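Accompanying notes for the structure given below.
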Amino acid sequence: MDVRFIGPDRQFSKFSSATIEECVEYCASKRILGVDTETEGFSFITKKMIMFQIGDMDRQYVIDTRFQSIEPLRHVLESKDIVKVFHNAKFDYKFIRAVGICTENVWDTFLVERVIHCGKDNIRFGLAHVVKRYLNKTLSKDVRNQFVGLTGQPFTDSQILYGAKDVVYLLSIVEHQKGKLDEYGLNEVAQLENDAVLAFSDIEFEGLYIDQQEWLKISSEVEVDMRKVEKDMDDVILNDKRFEPFVAKYVQGDLFTTFEDLRKVDVKWSSPKQVLEVFQVLIPELEKVDAKILYKYRKKHDLIPAYMKYKEQAKIVSAYGKAFLENVHPDYKIHTDFTQILNTGRVSSKAPNMQQMPASNRFRNCIKAPEGWVFVSSDYSSQELNVIAYGSQDPVWLEALKESQDLHSVCAALVYGDKWTNAAEDNCAYMKNKSKCNCPEHKSLRTKVKTVNFGLAYGMGPNKLADTIESSLGEAKELIEQYFKVFPNIGNFLTKLEKFGVKYGYARTYPPYNRRRWFSEWFKGIDAEPSLKGIVGTIGRASKNTPIQGASADMTKLALVLIRDFIRETNAPVKIVMTVHDQIDTVCSREYAETWKVKMTELMEEAAIKIIPNGLLKAETNISECWEK
């Protein structure tokens, strides 16, 4: 190793000194560089980068950024011709952006490792684990932890060496990862993730402005609604003799509350244990009170749907109530943290979780565009249904999508036949042009088939279908059987996906990305073991689900890449600020909004054609003053 230090003169150091100009000249001549940072802490908003490391296998530069700016390295970091290798690029990227530099062309060893081992339960992806796995070396936690909280003290030789070694480790890991990508045919999806991480990093860096007063008002309203449901449940306990053991024997009063307003029920509705004891009065065999189990009992007693409603509201109050504002940073924005690769290839977020925001726009509308800017948001219309239609090549589905017909009604008409025809009322819109109608019986039949259509992507079986459409198990089985008689292409497509996963131990998304999801519990011949039927069933369902959800995720990530590239190349007055599943949200200057709306739609549809080349999947783009679903 040839380690060169850029910073204040250091006596008695074993490392030679260098200038930033020497570093720039050396790095600009390379085609791949390892890059790492050390920071005062984890928040790019309140903490600073204190060390920057860059170099190749032959020479490594360690820069004390408390004394030397990395601005001269801008054209190296922003070059699309030089690959910059990071581990967890999002973290370093945001600290680099905080000093005004926008990194391009990265290889993230963390993300590539997740691509290679996606789905495996026993794999860890931290740098120390990856170094140990490929290089059989152990990173020193002691030295790594010394950087947090470090202020003006000079770096020690051990700290400088630690930083320089990270550069070498990263480049060594890349060579091992390239072999794995070639072996599994994962080069394109790895490139997609490496490109997409720049867009996710921009979203995290930009953040979203939130109207805190409006948020508090709405969260208070939801909390009031939740308390009302609690009171309704209390009234049920008080008025039904079967629940007499749960009525308080003694009521503790005070000087400020009338007796009528005192709570007289000895049940804490937030306690699953206590709620279970209440419900066992109605259902003695009940063992748990989670929503999936309670759903099939919801007609047993009014208390059960009331409790389910209470749980939904309590979840909103907990996750998106007043406590949500603890996520607001000193810049008055929320900056979520993405997990870029789940098992299916989809994305999740935390601190705060923006993916599970309530469907109602009440909360979303509290997130505002900056003054002079507007939201321009685009999402795919029936993305997963288009993915299924293309994969199965079902002629009915493809024709319905091509002609902009209401797919769920078209499917229902074929599944129910004469029953559908006879249910048509005068002026039925479906009978005129196969669009969605308002006929009451058609609405009921359409809902049942719509449930099957969307359930296809999740491996829905007859039990779940029966619970969802409130039918008998026999009716649900009959509906599924008839459905696949009418749509054999879809049945064959799903069966093919299922058999592939069970046979080979992994599922794949659509070309050109061919993302893999491994099944950790799989082994060759697992389907011949009767005792493992449950595991085989789980693998089968995931094998049907992953290509559909994963192809959709690949598409949205590509759209993010195309949008970001356009913004950077044209210097458009646009910022990417959020993505939730098939939707991408930007803010742009008000004057540019109409122009950007057209271009954003084009870029979304360009990404769709890469995976679904028939051009049937369209994007819908809207302009608004605040964030909307």
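Where a number appears in this text, it was derived from the coordinates with a stated rule and is not lab data. Here the structure is a predicted model, which means the values were calculated and not measured. Cβ sites come from the backbone with ideal geometry, for glycine too, and all protein chains shown count toward neighbours.
For S392, S543, S381, S172, the sequence from fewest to most other C-beta atoms within 10 Å is S381, S172, S392, S543.
Less than 5 angstrom separates the built amide H of G55 from those of G34, Y61, all sequence-distant by 5 or more or on a different chain.
Under the simplified labelling scheme, the D426-D2 pair shows an inter-label distance of 9.1 nm, with each label point 7 Å from Cα along Cα→Cβ. Rounded to the nearest 500, the 222 nm mean residue ellipticity of the chain from helices alone is -15500 deg cm²/dmol, with -39,500 (n - 2.57) taken per DSSP H run of at least 4 residues. So, R0 is 25 Å and r is the distance between the beta-carbons of K264 and K228; what FRET efficiency does that work out to, to 0.05? Here the calculated transfer efficiency is 0.90. Restricting segment 369-434 to trypsin sites (Lys or Arg not before Pro) that sit in a DSSP loop and have at most 12 other Cβ atoms within 10 Å of their own Cβ leaves nothing. Applying the criteria of a DSSP loop state and at most 12 other Cβ atoms within 10 Å to the trypsin sites (Lys or Arg not before Pro) of segment 2-36 yields K14, R31.
Working note: Karplus 6.51/-1.76/1.60 with θ = phi - 60° gives segment 232-240 the couplings 4, 5, 4, 4, 4, 4, 6, 9, 10 Hz, where Gly and Pro are set to x. Under the classification rounded if a/c is under 1.5, otherwise prolate if a/b is larger than b/c and oblate if not, where does segment 206-359 fall, given a ≥ b ≥ c as square roots of the Cα gyration tensor eigenvalues? In terms of gyration-tensor shape, oblate. The distance between label points at T447 and H75 comes to 6.5 nm (points 7 Å beyond Cα on the Cα→Cβ vector). Note on D418/S348: beta-carbon distance plugged into 1/(1 + (r/R0)^6) with R0 of 35 Å gives a FRET efficiency of 0.15. Roughly speaking, what is the centre-to-centre gap between segment 40-84 and segment 343-369 when only Cα atoms are used, to the nearest Å? Here the two parts' Cα centres lie 32 Å apart.
Taking each residue as 0.36 nm, the span from S17 to N136 lengthens on full extension beyond its C-alpha to C-alpha distance by 39.8 nm. Taking chymotrypsin sites (Phe, Trp or Tyr not before Pro) across segment 466-549, the ones in a DSSP loop with at most 16 further Cβ atoms lying within 10 angstrom of their Cβ are F523. Between E399 and A359, the contour length at 0.36 nm per residue exceeds the Cα-Cα span by 11.4 nm. Semi-axes of the equivalent ellipsoid for the chain, computed as √(5λ) from the eigenvalues of its C-alpha gyration tensor and ordered from largest down, come to 48, 33, 26 Å. In sequence order, segment 341-346 has phi-based couplings of 10, 8, 4, 7, x, 6 Hz under the Karplus curve 6.51 cos²θ - 1.76 cosθ + 1.60, θ = phi - 60°, and Gly or Pro positions carry x. Each of Q159, C102, L73 was scored by the projection of its Cα onto the charge dipole of segment 2-184, and the greatest displacement toward the positive side belongs to Q159; charges sit on the C-beta of Lys, Arg, Asp and Glu. Computed from backbone phi with θ = phi - 60° and the Karplus coefficients 6.51, -1.76 and 1.60, the 3J(HN,Hα) list for segment 484-495 is 6, 5, 6, 10, x, 4, 5, x, 5, 4, 5, 5 Hz; x is used for glycine and proline.
Taking a spot 7 Å from the Cα of A28 along the direction of its beta carbon, which residues of segment 57-72 have an amide N less than 15 Å from it? Under cut-off, by backbone N: 71-72. Take the Cβ-Cβ distance between E312 and D9 as r, set R0 to 60 Å, and report the resulting FRET efficiency rounded to the nearest 0.05. That gives a FRET efficiency of 0.40.
The H on the amide N of V106, modeled in the peptide plane, is under 5 Å from the matching H of K84, each at least 5 residues off or on a different chain.
Histogrammed with a bin width of 5 Å, the alpha carbon distances of segment 395-486 distribute as 3, 14, 25, 24, 19, 11, 4, 0 percent, first bin at zero. Here the gap between K629 and Q191, fully extended at 0.36 nm per residue and compared with their Cα-Cα distance, gives a gain of 154.7 nm.
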